[in-house]
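Structure first, commentary second.
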């Protein structure tokens with residue numbers, strides 16, 4: 001079999017090659033590519049890992065050490081690789097329970113096992129038609145397009161571009177399997193605040209903060225198709241707000257809420273999405289709020305940004321302000337989330353029409369094939385990327 005390179009979409013299956021918004025033809029995939037960020041697994045890995053994360057930016061090791069202490073605090077081990085091993089195993093169990101014979105190959109962007117290793121493993125196993133699942137639910141350069149560029153680059157680097165195709169499931173921010181764990185988390189988290197503060201009036205004395213990774217304002221504006229008119233914060237912020245609205249309508253009990261950001265890493269001169277979670281906490285403290293529920297809406301598992309930026313820094317900020325704070329879980333290997341990821345794969349296996357696909361917000365179901373110009377990195381420009389129409 002030869003990869004389809006002559007249509008609008010690089011490295012695509014025949015059904016996706018012409019770039020439909022939603023692929024409504026069945027595709028006989030023979031493997032699943034689980035793609036993630038990766039993380040160090042020991043103290044000696046930390047700086048080499050951070051060099052990979054920041055490659056091409058010329059950041060000296062002295063500055064990388066400013067971030068390294070987050071990892072060194074936890075013995076130099078990021079939890080993300082262990083979480084991905086658990087997710088891979090959970091996916092394999094769910095697939096087996098449904099009688100779906102699709103092997104799962106796992107590769108990372110920044111630390112082993114790397115994506116090229118996963119593609120070589122798939123090829124050695126005879127899998128040449130892959131459907132990719134990335135551990136990122138939202139539209140942005142780092143959360144979607146960069147993975148698609150990674151796939152294109154590694155197909156070339158491994159010499160598999162002429163014999164392997166890679167499609168990618170749609171962004172799943174509003175898939176029921178992703179939304180359900182957060183809804184349950186808010187329900188249980190508000191109950192926990194009531195347990196800790198008997199007699200509290202949640203509607204007037206509590207607040208919910210939906211937390212996600214901040215990104216540069218320019219990247220946010222370029223996230224998602226420009227034709228959708230999402231404005232200066234793009235599809236990235238719009239998707240988060242839409243999901244938060246659904247969660248609060250179902251579980252919020254009238255408690256006020258906001259979308260806030262964390263984990264900023266750019267220079268002070270570059271505008272990033274705000275407010276920062278710690279600044280938001282300071283304002284809530286000044287307003288007399290007694291309790292805050294921190295909901296890591298932008299994250300699929302408890303990796304470093306959750307463990308450090310929320311569980312350490314934000315909790316310390318809240319304590320200093322006299323605010324009782326509770327952090328809700330991420331999806332991790334929640335059965336609803338795992339089942340939802342398999343559902344997303346099977347959408348493409350069966351060619352499920354868009355009208356029959358579940359989506360919890362008016363924004364979805366999102367596109368199977370990314371639209372032209374979506375999620376450009378302004379510093380790097382457009383590079384070859386699979387699973388999207390080429391600008």
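Pulled fully out, how much extra length does the chain show between residue 192 and residue 350, if you take 0.36 nm times their separation in residues and subtract their Cα-Cα distance? Write down the numbers at each step before the final one.
Working: separation 158, 0.36 × 158 = 56.88 nm, distance 4.18 nm.
Full-extension gain reported as 52.7 nm.
Stretch residue 89-residue 25 to full length: gain in nm at 0.36 nm per residue minus the Cα-Cα span?
Numbers: separation 64, 0.36 × 64 = 23.04 nm, distance 2.85 nm.
Between residue 89 and residue 25, full extension yields 20.2 nm more.
Once both labels are positioned 7 Å from their Cα atoms along Cα-to-Cβ, the gap between residue 116 and residue 73 label points is 3.4 nm.
Normalised by the number of residues in the chain, the mean separation of alpha-carbon contacts (under 8 Å, six or more apart) gives a relative contact order of 27 percent.
If each of residue 97 and residue 390 carries a label point 7 Å out from its Cα toward its Cβ, how far apart are those two points in nm? Taking the two extended label points, one gets 4.2 nm.
Between segment 70-149 and segment 156-174, the C-alpha centres lie 12 angstrom from each other.
Could you state the angle between the C-alpha long axis of helix 176-196 and the longest principal axis of the C-alpha atoms of the chain, as a value from 0 to 90 degrees rounded to the nearest 10? The helix 176-196 is inclined about 20 degrees to the chain. For helix 277-286, report the angle its Cα long axis makes with the longest principal axis of the Cα atoms of the chain; keep it between 0 and 90° and round to the nearest 10°. Computed tilt is about 20 degrees.
Compute the FRET efficiency between residue 227 and residue 55 as 1/(1 + (r/R0)^6), taking r as their Cβ-Cβ distance and R0 = 25 Å, and round to the nearest 0.05. Could the numbers behind the result be given before it?
Numbers: r = 32 Å, r/R0 = 1.29.
My answer for the efficiency is 0.20.
Contour minus end-to-end for residue 274 and residue 205, with contour as 0.36 nm per residue of separation and end-to-end as the Cα-Cα distance? Mind showing how you got there, number by number?
Values: separation 69, 0.36 × 69 = 24.84 nm, distance 2.31 nm.
Between residue 274 and residue 205, full extension yields an extra 22.5 nm.
Helical runs assigned H by DSSP (4 residues or longer) give the chain a calculated mean residue ellipticity at 222 nm of -11000 deg cm²/dmol, each run adding -39500 (n - 2.57) before division by the residue total.
With a simple spin-label model that places each label point 7 Å from the Cα along the Cα-to-Cβ direction, the separation between residue 380 and residue 283 comes to 3.3 nm. The angle separating the long axis of helix 115-124 from the principal Cα axis of greatest extent in the chain is about 40 degrees. DSSP beta bridges fully contained in the chain are about 10 percent antiparallel.
Of 117, 92, 62, the residue with the greatest mean-square motion in the GNM of the chain, using alpha carbon springs below 10 Å, is 62.
Between 45, 343, 276, the GNM of the chain built on Cα springs shorter than 10 angstrom shows 45 fluctuating the most.
No value in this document is a laboratory result; all are computed from the given coordinates. Predicted model only: the values in this text are computed from it and were never measured. Neighbour counts run over all protein chains shown; Cβ positions are idealised from the backbone, glycine included.
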